Every structure is written in structure tokens, then in C-alpha cells.
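For reference, the structure is listed below as C-alpha cells.
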Amino acid sequence: MTVLDVNDVVVDYKVSGRPVVHAVAGVSLQVGAGEIVGLVGESGCGKSSLGRAIVGLEKLARGSVTLDGHEVTPLGRGARPVADRGLQMIFQDPYSSLNPRRRIWRQIADGLPADASGARSAGRRRAAVNELLDAVGLAASAGDRFPHEFSGGQRQRIAIARALAAQPAVIVADEPVSALDASTRAQVSNLIVQIARDRGMGVLFISHDLSGVRHMADRVAVMYLGRIVETSPTESLWSEPLHPYSDALVKAIPQLGLTATTPVAPRGEVPDPSSPPAGCRFHPRCPLAFERCLTDDPALVTVEGSREAACWLQPAGGPARELALLEA
Ligand code: SF4
Ligand code: MG
């Protein structure tokens, strides 16, 4: 069941005297209840802008965001103030989003919905906070302390508890474990998975690290230069990526046990989003590009039922793709 429906979203950045940058250039994406969707791609591809737009921290130039069937697109000129309660965001650096001078329990309590009478007693709020601390693996006594008293991983647990206080339907997590050391990274990733499963909550997990989402995401959306170029179930993306960019990202990951092969990063750099290449945006870096790719922009289309790709070699699939692979 789709809980978050992102439809044709465009986010523009305007700096006077410069061309408009379409950081997000027409993205449609769905997240189901209890589903974890990884959003991957190199930095500068618009992943964070898309995440921020979904929770209402960026104004949409076009498109809509629907949560549980209700449109939550910011109306008027500005973005919604922070998030709709049903949509919460977790950031890479939890420290910057926590107030250094307030006790943890108060900061988590800020996210709690007011009860029917409009105010909860302090005791009931504290009990609700203790439950949230427990859900993220922290002791109730952590509530009496201040952010600087915690490690990076613990702060990220606190940020997760605060997001959960609002009982969101979907959490957008923007590189939530990138700043943590390797062992803590796995723990916090596992916590996010467990919470999503237990609560039937959708997660959009943004990461530049494809290997990090492999063991947690149900589905992966690959973003390139403002667009989604592929969405596939995680294992299918791994075993048979449909888009040449996905293929390059998968190949860039060092494979365990295959020390002889050197990982190859996608060749070249992400072009300047203020003047994206004509035709397929990936063509200057694509080893399979052919004539049509230089002029025609491929749309994201359904391939094989549950998969989508934006590439002229799909869904024609078979012969064209194999021919191109032979010629490459
Ligand atoms: Fe490569 Fe062409 Fe496919 Fe773009 S449309 S990814 S350039 S083959
Ligand atoms: Mg980013």
C-alpha cells in the first residue's frame, strides 16, 4: 500500500545573474507502508533536495506530495514550516538539529502530539518519552542529559526518537549513518529497519553509499542529475542493473572475495546541473550511448512489472541492449 506518493516534483535554485538550477527535475516516487526505499546516487545529483522537498523544507516549482491520500504539497510561496507531522526527517549530523541547552527529554517531548485536552501532564509526557528512548535502545536516564554528553551514534538514536514522537507515516533519512564509524553505522541502520518493520512506517533512506543500503532497503531508486533513472528491488538492482548508471555504481563497489578486480567509479564527473546535457543526461558518461541518446531524453518507464528505467536500451530490452553491449 502506497503511503507516500511523490508526483513530478521540481525544485529550482535561483541565484541572481545565474541560470536556474533544476536540482530536482521532475521526480515521481512511491514509498509503501513499512517499506524501506534507498535513494542513491553520487553527491550533487539532487538527493538531499528531493528529501527536503518531500518534508516541506524546499518549495516545489512543480509537482505534488501526497501522504496517506492527503496532499501535503506546500501551498503559497514558501515551504511548509518544517514538516507535516506525518513526515519527519533525520539528518546526517544530529548534533546540529539538537538544541545544546535543552535536556533530551524535553526535545523529544516537543514532537509529541497534544492529547485531546490540548496538553498532557508532564508525567504522561515523560512516560511517553521514556518509551521512545527505550524503542531506540537508550535508558530513561538519558532524558535528563544534554546532547554533548552523547556519542554520534547515540545522538542519532535521539534524533530518531524525536522523529518517532510525532508518529510519522514516513521518515526521510538523509545520510543518517554517513558520519558514524563503521560498527555504529550498522547498528543505527538496523535500528531504522527494525522500527520501520515494527511500526509499518515507510522510510526513504538517502545514501551515496550503495553498499550501505543493500542489506536494508527493499527497493532502490537511483538518482542522476535531478532525475530518477532506475527503481528496482534491491537484489535485482544488484544482480542485473537496468540502467548503465546503476551498473556503474554497482561496479564501483569493492566486491568481497574478488580482490583481483579493481572497482571502477563511473567515468567522468556529474555535470553542472544548471546546464544538463541534451538528450539523455547521462550520455557524456555512458559507455553504451548511441546516436539517439544525444538528442532524445528517455522517460522513466516500467520494465518487467516492478522495475523502472529511463534508458533507450530499455524496455526494448533483449536485442537492442545486447547489441549495444556487444559493440561497447
Ligand atoms: Fe546510456 Fe543512452 Fe541509456 Fe542514456 S539512454 S543511459 S546514454 S544508453
Ligand atoms: Mg546530500
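General observations
- Look at segment 160-183: where a residue is under 21 Å from residue 57 (Cα atoms) and in contact (Cβ under 8 Å) with a residue 12 or more places away in the chain and a partner is within 16 Å of ligand 2 (Cβ to nearest atom) and among the aromatic types (Phe, Trp, Tyr), sitting 6+ places away or on another chain with Cβ atoms under 7 Å, you get 173/205; 174/91.
- Scanning segment 232-244 for residues that are within 16 Å of ligand 1 (Cβ to nearest atom), part of a helix (DSSP H, G or I) and free of Cβ contacts under 8 Å to residues at least 60 places away in the same chain returns a single hit, 237.
- Leading residue by the ranking (farthest from the chain's Cα centre (by Cα)) among those in segment 139-153 that are surrounded by 19 or more Cβ atoms within 10 Å (Cβ to Cβ) and of a type in the set (A, V, I, L, M, F, W, C): 142
- Helices (runs of 4 or more DSSP H) fully within segment 148-231 that include at least 3 residues being closer than 29 Å to residue 244 by Cβ: 210-214.
- In segment 195-238, of all residues being out of contact with any helix residue (DSSP H, G or I) (no Cβ under 9 Å at 6 or more places or on another chain) and over 19 Å from residue 43 (Cβ atoms), the one that is nearest to ligand 2 (Cβ to nearest atom) corresponds to 196.
- Condition met for residue 276 (within 16 Å of ligand 1 (Cβ to nearest atom) and either in a helix (DSSP H, G or I) or surrounded by fewer than 23 Cβ atoms within 10 Å (Cβ to Cβ) (or both)): yes
- Tally of residues being of a type in the set (Ser, Thr, Tyr) and either modelled with pLDDT of 90 or more or closer than 12 Å to residue 30 by Cα (or both) across segment 58-74: 2
- Residues that are within 11 Å of the chain's Cα centre (by Cα) and within 18 Å of residue 2 (Cβ to Cβ), drawn from segment 33-50: 36, 37, 38, 39, 50
- Selection status of residue 279, at pLDDT 85 or above and more than 28 Å from residue 212 (Cα to Cα): yes
- Flag if residue 156 is surrounded by fewer than 19 Cβ atoms within 10 Å (Cβ to Cβ) and more than 16 Å from the chain's Cα centre (by Cα): no
- Candidates in segment 287-302 are the residues that are in contact with a Cys (Cβ under 8 Å, 6 or more places away or on another chain) and within 19 Å of residue 221 (Cβ to Cβ); of these, the one that is farthest from ligand 1 (Cβ to nearest atom) is 297.
- Of all residues in segment 23-47, those that are away from ligand 1 (no atom under 16 Å from the Cβ), out of contact with any Asp or Glu (no Cβ under 6 Å at 6 or more places or on another chain) and more than 17 Å from residue 91 (Cα to Cα) total 8.
The values are calculated or read from the model by the stated rules, or taken from the named source; none is laboratory data. A quick note: this is a predicted structure, and the numbers were derived from the prediction, not measured. Glycine also receives a Cβ, built like all others from the backbone with ideal geometry; neighbour counts cover every protein chain displayed.
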